[in-house]
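A.B. asks: Got a structure for you, questions after.
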Amino acid sequence: MVAMGIGELGAPNIIIKRKFRFTIEFTTPCGFIPQHYVKSASRPQLDIEETELNFLNGVTWIPGKGKWQPMTVTYVDVANAQMQGLYNWVATVYEFGGPQAPINLRQSEKPGWNGTGRLRMYDGCGTPVETWILKSCWPQSINFGDLDYADSETATIELTIRFSDVEYQGNCGVTTPQSCCRGC
C-alpha cells in the first residue's frame, strides 16, 4: 500500500526556507552597508562549464571550470547617512563624486575596492538556517532607478555585485558541503 499525502514535507520538524526571511549586508573598506534597507536579493548562482571530449565517433562531456554569476541586491533608496557606505564603495571603484573628480575606473589604481557580503536566511523564530559569505565582492553595476510622477512606489537602487568566491555555512539540516570524492 502506498502512503498518500505530502509525506515528510508536512512534518512539524521540517523547516521550509521562506523567501522573505533573509538579510544581506556588506562590509567594505568604505564602511558598512546595512541590511535593513534591502528590498530584494538573490542567492548565489554557480555555473559549471562543460568540457567536450571527442573520441572516434562519440562525444562525451565532463565538468569544467566553475563560475559564480553576479547577483543583484535592490535597496529602498533613503535619504540617510547610513547609505553613505554604498555611495563611497561605488566611488572607490568608479569615481563620480563631483565636478573636481575625474571620472575614471579606479579599482586597479588603489586598494580598498573589495568587500565581503553576508547573506543569511532565517527560520520563523529568527535563527539563521544558512549563511552565504561572498568574498572579494565589488559593485559591478549600480542603477539609481527611474522616476515617475504617476507612480507612488518607493525609489530603489539596484546594485549588481560581482564576487570571486563563496563560502556556504549550513546551520540546520544541510551543513557545510563537502566533496563526495574519496581518495582524490
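A.B. asks: Work out the charge dipole of segment 29-81 with +1 on the Cβ of Lys and Arg and -1 on the Cβ of Asp and Glu about the Cα centre, then indicate which of ILE62, TYR75, LEU46 is farthest towards its positive end.
C.D. replies: TYR75
A.B. asks: Could you work out what % of the accessible surface of segment 55-94 is carbon and sulfur, using a 1.4 angstrom probe and leaving DNA, RNA and ligands out of the count?
C.D. replies: 59 percent
A.B. asks: Work out the count of Lys pairs in the chain where the Cα-Cα distance is under 21 Å, with the pair 8 or more places apart or on different chains.
C.D. replies: On the way: LYS17/LYS39; LYS19/LYS39; LYS65/LYS135; LYS67/LYS135; LYS110/LYS135.
Number of lysine pairs found: 5.
A.B. asks: Whole number in Å², please: accessible area per residue of segment 1-76, 1.4 Å probe, ligands, DNA and RNA not counted.
C.D. replies: Roughly 76 Å² per residue, with all protein chains present.
A.B. asks: Out of (i) 23, 21, 17; (ii) 36, 27, 17; (iii) 30, 20, 16, which label holds the value of semi-axes √(5λ) of the Cα gyration tensor in Å that was computed here?
C.D. replies: Checked against the structure: label (ii).
A.B. asks: Find the centroid of the Cα atoms in segment 111-150 and in segment 1-71, then give the distance between the two in whole Å.
C.D. replies: A separation of 15 Å, based on Cα centres.
The values are calculated or read from the model by the stated rules, or taken from the named source; none is laboratory data. Keep in mind it's a predicted model, so treat the numbers as computed, not measured. Virtual Cβ from ideal backbone geometry, glycine too; neighbours counted across all protein chains shown. Accessible surface areas use protein heavy atoms only, side chains included; no ligands, DNA or RNA. Shrake-Rupley method; radii C 1.70, N 1.55, O 1.52, S 1.80 Å.
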